[in-house]
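What follows is a short report on a single structure.
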Amino acid sequence: MGEGTGGGEQEFQPPTSLFPRKGGGGKFLGVVFYVDMEKVRARAIIEGRVQGVFFRYHTQDMALQLGLKGWVKNRRDGRVEAVFEGNKDKVDQIIQWCHRGPSEARVTKVHFNWEDYTGEFEDFAINY
């Protein structure tokens, strides 16, 4: 470390004004790191007995618990379609949940594909 700089190695000296201790002292207590989770978008189509069993309601509830945005709707062909946006680990969780669905549902197949994240949604809605 420090090679090629002409000044040799220097010991790290943290600033003393960040995160001062209560009661004075002004000592550096640490660094806060913010991890930017990968944002993704997935579209899922769920097959089986998934209409008339509150699948959309439970999907919305689960999505909101996970902090996801997007929508869910019934399709005319008897399947349910959903678009999820948010942190990849949370989208993975809801896709796994879609394989089970609520207790009244009988999911036979889940098709999903990754799409480009857009950030277009403000919440998670049930579309009609």
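The values are calculated or read from the model by the stated rules, or taken from the named source; none is laboratory data. These numbers come from a predicted model, not from an experiment. Cβ sites come from the backbone with ideal geometry, for glycine too, and all protein chains shown count toward neighbours.
Here are some notes:
- Within segment 90-128, restricting attention to residues that are of a type in the set (D, E, K, R) and touching a helix residue (DSSP H, G or I) at 6+ places or on another chain (Cβ under 9 Å), the residue that is farthest from GLY52 (Cα to Cα) is LYS90.
- Residue check: TRP97 meets all listed conditions (1) surrounded by 16 or more Cβ atoms within 10 Å (Cβ to Cβ); (2) under 15 Å from PHE124 (Cβ atoms); (3) in contact with a strand residue (DSSP E or B) (Cβ under 8 Å, 6 or more places away or on another chain) but one, namely (3).
- For segment 28-66, the set of residues classified as at pLDDT 95 or above, touching a strand residue (DSSP E or B) at 6+ places or on another chain (Cβ under 6 Å) and either of a type in the set (Gly, Ala, Ser) or part of a loop (DSSP other than H, G, I, E, B) (or both) consists of ALA42, ALA44, GLY48, VAL50, GLN51, ALA63, listed by residue number.
- Close pairs from segment 50-71: first free of Cβ contacts under 8 Å to residues at least 40 places away in the same chain, partner of a type in the set (Lys, Arg), Cβ under 9 Å, at least 6 apart: GLN51/ARG75; GLN51/ARG79; LEU66/LYS90; GLY67/LYS90
- Residue ID - surrounded by the most Cβ atoms within 10 Å (Cβ to Cβ), chosen from residues in segment 45-72 that are over 15 Å from GLY86 (Cα atoms) and of a type in the set (Phe, Trp, Tyr): PHE55
- Condition met for ASP77 (closer than 14 Å to VAL40 by Cβ and free of Cβ contacts under 8 Å to residues at least 60 places away in the same chain): no
- Condition met for GLU104 (exposed (fewer than 13 other Cβ atoms within 10 Å of the Cβ), among the acidic types (Asp, Glu) and out of contact with any Leu (no Cβ under 7 Å at 6 or more places or on another chain)): yes
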